[in-house]
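Below: the structure, in structure tokens.
Here, each number is a calculation from the coordinates, and none is a lab measurement. This is a predicted model, so every value here is computed, not measured. Virtual Cβ from ideal backbone geometry, glycine too; neighbours counted across all protein chains shown.
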């Protein structure tokens with residue numbers, strides 16, 4: 001598969017994604033390509049709150065259940 005561009009790969013739909021699935025990430029501090037698992041990415045998003053402002057702006061009625069680590073009652077307009 002090294003002869004394919006990422007854009008040429010088959011899509012993995014959300015329902016088929018597993019916590020251990022790996023995604024490529026370009027580390028701009030070292031200009032190298034690394035990997036991150038889906039669970040590591042979700043953990044980063046949840047723990048840093050990096051998207052809190054964006055989610056609030058797009059869907060003001062979003063609630064996050066910290067105990068279950070899931071988004072509940074999301075209504076996007």
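Could you tell me the calculated FRET efficiency between residue 15 and residue 37, based on Cβ-Cβ distance and R0 = 22 angstrom, to the nearest 0.05?
Efficiency computed from Cβ-Cβ geometry: 0.80.
Starting from the Cα-Cα distance between residue 28 and residue 8, subtract it from 0.36 nm times their residue separation and give me the gain in nm to one decimal.
Length gained, residue 28 through residue 8: 4.9 nm.
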